[in-house]
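Let me begin by presenting the structure, written as structure tokens, before commenting on it.
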């Protein structure tokens, strides 16, 4: 029997609740497909600040580096909003990505058939479905460039630097092209090459890399047009490649087009198999502890973990099919509930996915 080591970062807010349900589903999947998972808990975010004084203890980094994969719930909350930037929970996210050298963020934005009514766009725009993969560069660009504050002619000023090397662009471009090869072989690279020098390097590098992928159709959009096209005609997109800040914006926009942020998973990957997997919806402190959070995005993040880090593609397919089955059966947490469906809480939704796994 194969054995895997997974570090759990349960985090803040609803994080512990949704991670618990994802673990339940992963354990059941292991029983079904003949593997076992050993878990280790680590601190990051607000809970780490409370316990250790910092958002990302070195012990957490060390544990993650010894794992096959990392599953993260969510971090953050109003309790820590007034701390200096380097001590806020979100600093832990930037730190863990850098420490684990996770430069590629994959965010699928998919409309599930039973949830199509949740999409804010008209049916004639989205058609039967929507399935987009946003590939976001994760460890470069303006979030990691030089920054600071200074006085200029007696006035306080601040700056953040957008900075990329050709090598950084090339490695994320290759991730996006490979993803497109496994889907519908269409890639849209997003930049602002009409204004930004960093974007001109980005576009030139993506075009150069594209010569190694003649089977993938490549086109380019400026970020402002891409944002507009995403709500005007999302079905034109298959894989979207973007820098750290542009990918951050577009992936959140795509999640809203998909209709429910509580359904969307993500994977952060590097050169090897180690990856960090998390839902994109945040810690939702307003509903923490109430047992109503939607665990499906975290469960779908486990499916991505099985696919990209653990090489258990059949098990990943089974989880995704189980989630589809649960939705088709009309089982809903409050965030995706519509009249006529069965409203359930966090634990019952996890149980429903486990039960569906028996049938797929």
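What the table below lists for this structure:
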item	result
Members of the stretch 193-207 that are farther than 18 Å from residue 249 by Cα and part of a helix (DSSP H, G or I)	197, 200, 201, 203, 204, 205, 206, 207
Which numbered condition residue 95 misses (of (1) surrounded by fewer than 20 Cβ atoms within 10 Å (Cβ to Cβ); (2) at pLDDT 95 or above; (3) out of contact with any strand residue (DSSP E or B) (no Cβ under 7 Å at 6 or more places or on another chain))	(2)
Odd one out for residue 63, checked against (1) loosely packed, with under 15 Cβ neighbours inside 10 Å; (2) under 20 Å from residue 100 (Cα atoms)	(1)
Pick from the stretch 1-12, criterion more than 9 Å from residue 73 (Cα to Cα) and either outside any strand (DSSP E or B) or free of Cβ contacts under 8 Å to residues at least 40 places away in the same chain (or both), ranking: farthest from the chain's Cα centre (by Cα)	1
Residue list for the stretch 312-360, filter: closer than 19 Å to residue 70 by Cα and loosely packed, with under 14 Cβ neighbours inside 10 Å	313
Search result, residues across the stretch 329-360 that are assigned to a helix (DSSP H, G or I) and more than 29 Å from residue 36 (Cα to Cα)	334, 335, 336
Qualifying residues in the stretch 311-344 (those that are without any contact (Cβ under 8 Å) to a residue 12 or more places away in the chain and in contact with a strand residue (DSSP E or B) (Cβ under 7 Å, 6 or more places away or on another chain)) - the one farthest from residue 359 (Cα to Cα)	337
Wholly enclosed helices (runs of 4 or more DSSP H) of the stretch 33-149 bearing at least 1 residues over 25 Å from residue 172 (Cβ atoms), touching a helix residue (DSSP H, G or I) at 6+ places or on another chain (Cβ under 8 Å) and not assigned by TED's automatic domain parsing to the domain that holds residue 322	123-126
Hey, residue 251 within 12 Å of residue 107 (Cβ to Cβ), in contact (Cβ under 8 Å) with a residue 12 or more places away in the chain and either in the same structural domain as residue 197 (by TED's automatic domain parsing) or out of contact with any helix residue (DSSP H, G or I) (no Cβ under 8 Å at 6 or more places or on another chain) (or both) or not	yes
Any hit, the stretch 272-286, residues being assigned by TED's automatic domain parsing to the domain that holds residue 6 and over 21 Å from the mean Cα position of the chain (by Cα)	yes
Counted residues, the stretch 122-169 - those being more than 24 Å from residue 203 (Cα to Cα) and surrounded by 20 or more Cβ atoms within 10 Å (Cβ to Cβ)	1
Residue check, residue 116 modelled with pLDDT under 95, surrounded by fewer than 20 Cβ atoms within 10 Å (Cβ to Cβ) and under 22 Å from residue 278 (Cα atoms)	no
Residue in the stretch 165-172 that is out of contact with any helix residue (DSSP H, G or I) (no Cβ under 7 Å at 6 or more places or on another chain), under 19 Å from residue 270 (Cα atoms) and modelled with pLDDT under 95 present	no
Number of the exception - residue 315 against (1) part of a loop (DSSP other than H, G, I, E, B); (2) at pLDDT 95 or above	(1)
Check on residue 233, at pLDDT below 95 and touching a helix residue (DSSP H, G or I) at 6+ places or on another chain (Cβ under 8 Å)	yes
Conditions (1) assigned to a helix (DSSP H, G or I); (2) touching a residue at least 40 places away in the same chain (Cβ under 8 Å); (3) closer than 29 Å to residue 130 by Cβ; number of the one not met by residue 178	(2)
In the stretch 287-299, residue nearest to residue 113 (Cα to Cα) [restricted to those that are in contact (Cβ under 8 Å) with a residue 60 or more places away in the chain and buried (at least 19 other Cβ atoms within 10 Å of the Cβ)]	297
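Okay, residues lined up against (1) closer than 20 Å to residue 185 by Cα; (2) assigned to a helix (DSSP H, G or I); (3) out of contact with any strand residue (DSSP E or B) (no Cβ under 8 Å at 6 or more places or on another chain):
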site: 209; (1), (2), (3): yes, yes, yes
site: 214; (1), (2), (3): yes, no, yes
site: 219; (1), (2), (3): yes, no, no
site: 241; (1), (2), (3): yes, no, no
site: 254; (1), (2), (3): yes, yes, no
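The values are calculated or read from the model by the stated rules, or taken from the named source; none is laboratory data. Bear in mind that the values here come from a model prediction, so they are computed numbers and not experimental data. Here the Cβ is made from the backbone with ideal geometry for all residues, glycine too, and neighbour counts use every protein chain on show.
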